[in-house]
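The values are calculated or read from the model by the stated rules, or taken from the named source; none is laboratory data. All values reported here derive from a predicted model rather than from experimental measurement. Ideal geometry is used to build each Cβ from the backbone, glycine not excepted, and the neighbour counts take in all protein chains shown.
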Amino acid sequence: MIARDGSIAAGELHLWQPVPGVMPPGDAWMVGLAPPFGKRDPARPLRGRDDLIRTLMPRRRKRGDGRVHVLHGMSGCGKTQIALELAGRLKSRTGRRPAPQIWWVEGQHVAAFEAGMRTLARRMGLKRGEVTSDGAADMLWERLDRATYDWLLVVDKAEDLALLDGPGRLVSGTGWIRPHTSRRGLVVVTTCHGMEQQWGAVAVLHAVGRVPADDGAQVLLDYTGDRAGSREEARSLSERLGGHPLALRMAGSLLAEVAGTPGALRDASRPSDFSSYRQALNTRAADMNHLKDVVGPWRISVNHLSQAGFAHAAGLLNTMSTLVDAPIPYTLLLRPSVLSSAVPAFEDVDGTTLWQTLRALKALGMVDVLEESDDHTGVPCVSLHPLIRDIARAGIEDGTAVALMEQALTLDEVRVPPENPRSWPTWQALAPHALDLLRHAGPGGLDLDVGQQTVCVDAAELAARYLQAQGHFGRARQELERVLAVRTELLGANHRDTVNTMHNLATALYDLGEESAAEALYRRAWESWREARDETHPYALTVRHELGRLLFEGGRPDEAEEHLGAVLAAHGPDGAEDLEALATRHLLARVHQGRGELDQARQEYEALMEIYRRLVGDADQRTVQVRQNHACLLYDMGDMEEALPECQEVLEARRALYGPGHPRTLATAHLLALILYALNRVDEAVSLLRDVRDRSCQLLGAGHPDSLRYAGALEQVGRAAGREG
């Protein structure tokens, strides 16, 4: 039960972020599954979709067909509203006992989707340990198949179908979403993906197309009443708009607003009724591209905002459209100081103007302003409708996104290293945008100079380090490999920035359990610094420190000590309280522990704890790491009574720092389980080890060295206790 060289679960993984989708203790992770019925407006009911809804509803009366029903179509075509209407009609069926159950799961992002499905599993009666296990999906669908009541499961906005795979494969019927045998259930997914090969035989595809002209006319009249013209005029405008629900809503909303403006205050140049709106489309949309069915209403609405005093509305939409399709942290990428430096048209913009413009765009349905609680990033964001993005960015390839990121990287909160917990909310919001910039750099990207391409790879590398801090080692590796390729192309293999990326990639490989590949990269990086005769550069010392860590944890303490001793000596006498030097001193203490020099290791740990507490405080991750290794040492010395409270406090601190499913937290929980077992508290030890194994398998995979070690510990403790894992 002792880890390599006598050290229990003491690996420094350099991971600092709670992992999305990893379940906190208790049921605190659960999310709401209620459909957003507040979006159903009785004054403006769904129009033109009765046939499709009837196609789905009889399946409930006839006890269903067990397949997944997919509502697919382009952005803004009303897929979500159809699913919501279906849910509303099912809910309105009175007199049924038991009442039908309706669950609504957001499918846009992995964290929300997995939390939703696991919440559903919990509601279906799965125990907490079962909910976080690899078999959660199988057990959930077994419960749904046996349900004795009508039920409807909606997965909304599933644009990344890989999320639906979960532990298996969607097309094979083994994913989170799959066919069922319940005669009383219905599964509906809304998505833009409607190709049969993407779904296989598990799904029935329902194309969501245009709204018929008569129904489109009624949509317009629902907004305007009789204030904007006749039904026939509304029908004519509906046809001109192509029956696109988003375009209809935009036009109706604008005309209703104009109609509500006192006549003396109206601008005669603005469309005020169905006919003038149609005429404006005919005269202003003649040169539009294939999006002309909706680009006309968009242009008219933007012009209306400009005439109403929102001079930056069009420019802001164009600017946002250059960013990737992800929530945009507007307090970072759209901050006035960032915008004014990156985009000349915003030279005079201030925060008030920006906020009012965003709110005006939201009122017309072009963007959604997401506050902190909506997406759990801690950074407020704005979400640009995908269809509006397509329209606004047509023909724009000017490197605006690169310029925005270049300025954002200078902000104080962005300059905090992504391994630091204070930076996590910032990088959770920025990461999708930073990673997307790699497509602009290197061959085939935009025509950028070396400085602009360097911004792209710098941002992407920071985002990859954030992924590494979260425990997403595989994704971090992929992104760092891309960064390394571009840096090598731009700067050469021996440039210090290229070598530093090589070092970061080596760390990702090591955390994936690929020790040989990691060692080779560490050595290449170290040799590059030696050849440059710059062995004492801070980056060079960091590489050598990490190489020493790998050698120690790989069972080569003498080689490790040689490197670590040289690093510590390079810091000199002024490094006694330097945090980098202290990290190396800490690792040397682990070398002593691994050799069995326990008294010497204990003296070092106690000295380091005192220094760290004075420099950075009790709650800092570096102080907690030393306490983790101190608790491990007490275990190795057989002092379980002293090790227990120390380890319990470390576990509490790490849960607060990283969350319950982070690899560092799991390492501490593993150690605590061994201490409990040594104290003959077998039931607690087995329960804790089972949780550690399951969480590690979920995050890192069953074949990862950590997962294998935890599984082995559970098997050994369980066997000794006379029970299975």
For Leu448, indicate whether it is aliphatic (A, V, I, L, M), modelled with pLDDT under 95 and not in a helix (DSSP H, G or I).
yes
Could you check, for the range 425-432, whether at least one of its residues is over 23 Å from Leu657 (Cβ atoms), in contact with a helix residue (DSSP H, G or I) (Cβ under 9 Å, 6 or more places away or on another chain) and not assigned by TED's automatic domain parsing to the domain that holds Pro705?
yes
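With respect to Ile82, determine if the residue is outside the structural domain of His244 (by TED's automatic domain parsing) and closer than 23 Å to Thr181 by Cβ.
No; evaluated as a whole, the condition is false for this residue.
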Of the residues in the range 635-653 that are farther than 21 Å from Pro421 by Cα and in contact with a Lys or Arg (Cβ under 8 Å, 6 or more places away or on another chain), the one that is surrounded by the most Cβ atoms within 10 Å (Cβ to Cβ) is Glu646
Consider the range 174-194. How many of its residues are at pLDDT below 90, under 26 Å from the mean Cα position of the chain (by Cα) and surrounded by fewer than 22 Cβ atoms within 10 Å (Cβ to Cβ)?
3
What single numbered condition from (1) part of a strand (DSSP E or B); (2) at pLDDT 90 or above fails to hold for Asp368?
(2)
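Hey, can you tell me all the residues within the range 327-347 that are of a type in the set (A, V, I, L, M, F, W, C) and either touching a Ser or Thr at 6+ places or on another chain (Cβ under 7 Å) or crowded, with 19+ Cβ neighbours inside 10 Å (or both)? Before you say what the answer is, go through the steps one by one.
Filtering the range 327-347 down to residues of a type in the set (A, V, I, L, M, F, W, C) leaves 328, 332-334, 338-339, 342-343, 345-346.
Passing the criteria: Ile328, Leu332, Leu333, Leu334, Val338, Leu339, Ala342, Val343, Phe346.
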Could you list, in sequence order, all residues of the range 142-163 that are buried (at least 16 other Cβ atoms within 10 Å of the Cβ) and in contact with a Ser or Thr (Cβ under 9 Å, 6 or more places away or on another chain)?
Leu144, Ala147, Trp151, Val154, Val155, Asp156, Lys157, Ala158, Leu161
Looking only at the range 73-92, which residues are at pLDDT below 85 and either at positive phi or not hydroxyl-bearing (Ser, Thr, Tyr) (or both)?
Gly73, Met74, Gly76, Cys77
Of the residues Leu551, Leu564, Leu541, Leu568, which is surrounded by 14 or more Cβ atoms within 10 Å (Cβ to Cβ) and under 17 Å from Val499 (Cβ atoms)?
Leu541
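Taking the range 79-120 as the region of interest, how many residues are more than 15 Å from Leu164 (Cα to Cα) and not polar (S, T, N, Q)?
Pass one, the range 79-120, residues more than 15 Å from Leu164 (Cα to Cα): 79-103, 119.
Add one more test, that the residue is not polar (S, T, N, Q), and what stays is 79, 82-91, 93, 95-100, 102-103.
The total comes to 20.
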Here are Arg122, Arg143: which of them is at negative phi and touching a residue at least 60 places away in the same chain (Cβ under 8 Å)?
Arg122
Could you tell me whether the range 516-537 includes any residue that is touching a residue at least 12 places away in the same chain (Cβ under 8 Å) and within 21 Å of Arg622 (Cβ to Cβ)?
no
Subset of the range 72-124 (residues that are under 30 Å from Gln698 (Cβ atoms), in contact with a helix residue (DSSP H, G or I) (Cβ under 6 Å, 6 or more places away or on another chain) and either surrounded by fewer than 18 Cβ atoms within 10 Å (Cβ to Cβ) or not charged (D, E, K, R) (or both)):
Ile102, Trp103, Val105, Gly107, Val110, Phe113, Ala121, Met124
Could you list, in sequence order, the residues of the range 315-345 that are out of contact with any Gly (no Cβ under 7 Å at 6 or more places or on another chain), in a helix (DSSP H, G or I) and touching a residue at least 24 places away in the same chain (Cβ under 8 Å)?
Gly315, Leu316, Leu317, Asn318, Thr319, Met320, Ser321, Ser337, Val338, Leu339, Ser341, Ala342
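Would it be correct to say that Thr501 is part of a helix (DSSP H, G or I), of a type in the set (Ser, Thr, Tyr) and surrounded by 21 or more Cβ atoms within 10 Å (Cβ to Cβ)? Don't jump to the end; show me each part of the working.
Details: part of a helix (DSSP H, G or I): yes; of a type in the set (Ser, Thr, Tyr): yes; surrounded by 21 or more Cβ atoms within 10 Å (Cβ to Cβ): yes.
It is true that Thr501 is part of a helix (DSSP H, G or I), of a type in the set (Ser, Thr, Tyr) and surrounded by 21 or more Cβ atoms within 10 Å (Cβ to Cβ).
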Looking at Gly659, Gly638, which is the one that is farther than 20 Å from Ala711 by Cα and touching a Ser or Thr at 6+ places or on another chain (Cβ under 7 Å)?
Gly659
Would you confirm, using the coordinates I've provided, whether Leu317 is out of contact with any Phe, Trp or Tyr (no Cβ under 7 Å at 6 or more places or on another chain), buried (at least 19 other Cβ atoms within 10 Å of the Cβ) and within 12 Å of Leu354 (Cα to Cα)?
yes
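In the range 670-699, how many residues are basic (Lys, Arg) and crowded, with 21+ Cβ neighbours inside 10 Å?
2
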Within the range 153-204, track down each residue that is under 21 Å from Arg143 (Cα atoms) and assigned to a strand (DSSP E or B).
Leu153, Val154, Val155, Gly185, Leu186, Val187, Val188, Val189, Ala203
Consider Arg654 against the criteria (1) under 22 Å from Leu714 (Cβ atoms); (2) of a type outside the set (Gly, Ala, Ser); (3) out of contact with any His (no Cβ under 8 Å at 6 or more places or on another chain); (4) in a helix (DSSP H, G or I): it satisfies all of them except one. Which criterion is unmet?
(3)
Take the residues in the range 195-233 that are among the polar types (S, T, N, Q) and at pLDDT below 90, then tell me which one is nearest to Leu144 (Cα to Cα).
Gln198
